[in-house]
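J.: Structure provided below as structure tokens; questions to follow.
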Amino acid sequence: MKKQSEAFSPKNLFSYFALGEAITWGLLIAGLLARELLQAPGMIITVVGATHGFMFLSYSTTAALVGINNRWSLAQTAIGVILAIVPFATVPYEKWLLKRKMLDGLWRRQATKNPKDKSASDRLFRWAINRPRTLVLLIAVFVIALFSILLSLGPPDQWAN
């Protein structure tokens, strides 16, 4: 089996998206302030909001994938995903995970003696993780489809209208 690259380890991938999600939160907040205080054009919010929305979905998908790989509890995985809603919370959560060594290790590409490895969901996970191009394509299609649906609904503050 081919050696795994540290560059795409669960830890590095999670860190990249956690930081990206926090940065786009900052850009969104700055855009909102610029629109309100400096009468900046509304297009700024459209562009920055879409960028943040795409990063939000990408981070959430990555958090779920890493949570499954690293065998986090359902609650820990859900917290990781939900914290993307709170501005800048993904970075402290990443630090919390690092401190507890919950981002350590490589992708689980082979079955071990762990009884959970015999489950259908783990076999499906290993099948996908062993086909990174297919997995990335499936995730990209999922994120783009969800992003498109959310774009068609309009800005979040207008969903209830």
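The values are calculated or read from the model by the stated rules, or taken from the named source; none is laboratory data. Given the structure is predicted, the values throughout are model-derived calculations rather than measurements. Neighbour counts are summed over all protein chains in view; Cβ atoms, including those assigned to glycine, are modelled from backbone coordinates with ideal geometry.
J.: Here is a check on your reading of the model: is ASN12 in contact with a Lys or Arg (Cβ under 7 Å, 6 or more places away or on another chain) and not β-branched (Val, Ile, Thr)?
T.: Details: in contact with a Lys or Arg (Cβ under 7 Å, 6 or more places away or on another chain): no; not β-branched (Val, Ile, Thr): yes.
Spelling it out, it is not the case that ASN12 is in contact with a Lys or Arg (Cβ under 7 Å, 6 or more places away or on another chain) and not β-branched (Val, Ile, Thr).
J.: Considering ALA18, ALA22, ALA40, ALA7, which residue is among the small types (Gly, Ala, Ser) and in contact with an Asp or Glu (Cβ under 6 Å, 6 or more places away or on another chain)? Outline the logic, then answer.
T.: Details: ALA22 fails: in contact with an Asp or Glu (Cβ under 6 Å, 6 or more places away or on another chain); ALA40 fails: in contact with an Asp or Glu (Cβ under 6 Å, 6 or more places away or on another chain); ALA7 fails: in contact with an Asp or Glu (Cβ under 6 Å, 6 or more places away or on another chain).
Answer to the check: ALA18.
J.: Moving on. (1) within 20 Å of ALA18 (Cβ to Cβ); (2) within 19 Å of the chain's Cα centre (by Cα): which one isn't true of ARG100, the others all being true?
T.: Every listed condition holds for ARG100 apart from (2).
J.: May I pose another question? How many residues does the range 113-129 hold that are outside any helix (DSSP H, G or I) and basic (Lys, Arg)? Explain how you work it out, then say what you get.
T.: Here is the first cut: in the range 113-129, the ones outside any helix (DSSP H, G or I) are 113-114, 119.
Of the ones still in play, those that are also basic (Lys, Arg) are 113.
Residues meeting the conditions: 1.
J.: Looking at ALA89, is it among the aliphatic types (A, V, I, L, M), modelled with pLDDT of 95 or more and within 16 Å of the chain's Cα centre (by Cα)? Quick ask: steps written out before the conclusion?
T.: Working: among the aliphatic types (A, V, I, L, M): yes; modelled with pLDDT of 95 or more: yes; within 16 Å of the chain's Cα centre (by Cα): yes.
It is true that ALA89 is among the aliphatic types (A, V, I, L, M), modelled with pLDDT of 95 or more and within 16 Å of the chain's Cα centre (by Cα).
J.: Follow-up. Check the range 133-147 and report whether any residue there is among the polar types (S, T, N, Q) and part of a loop (DSSP other than H, G, I, E, B). Lay out the reasoning, then the answer.
T.: Within the range 133-147, the first condition is being among the polar types (S, T, N, Q), and the residues that meet it are 134.
Still in the list and also part of a loop (DSSP other than H, G, I, E, B): none.
Within the range 133-147, not a single residue is among the polar types (S, T, N, Q) and part of a loop (DSSP other than H, G, I, E, B).
J.: Please specify each residue of the range 1-46 satisfying the condition of being surrounded by 16 or more Cβ atoms within 10 Å (Cβ to Cβ), charged (D, E, K, R) and without any contact (Cβ under 8 Å) to a residue 60 or more places away in the chain.
T.: ARG35
J.: Determine which member of the set SER148, SER152, SER73 is surrounded by fewer than 17 Cβ atoms within 10 Å (Cβ to Cβ) and either among the aromatic types (Phe, Trp, Tyr) or over 20 Å from the mean Cα position of the chain (by Cα) (or both).
T.: Values: SER148 fails: either among the aromatic types (Phe, Trp, Tyr) or over 20 Å from the mean Cα position of the chain (by Cα) (or both); SER73 fails: either among the aromatic types (Phe, Trp, Tyr) or over 20 Å from the mean Cα position of the chain (by Cα) (or both).
Checking each option against the conditions leaves just SER152.
J.: Any idea how many residues of the range 1-19 are at pLDDT 90 or above and assigned to a helix (DSSP H, G or I)?
T.: We begin by selecting, within the range 1-19, every residue at pLDDT 90 or above; these are 9-19.
After this cut, where a residue has to be assigned to a helix (DSSP H, G or I) as well, the list is 10-19.
The number of residues fulfilling the criteria is 10.
J.: Among the helices (runs of 4 or more DSSP H) lying completely within the range 20-112, list those that include at least 1 residues that are among the small types (Gly, Ala, Ser). Walk me through it before giving the result.
T.: Values: elements: 43-69, 74-82, 90-99.
So the answer is 43-69, 74-82.
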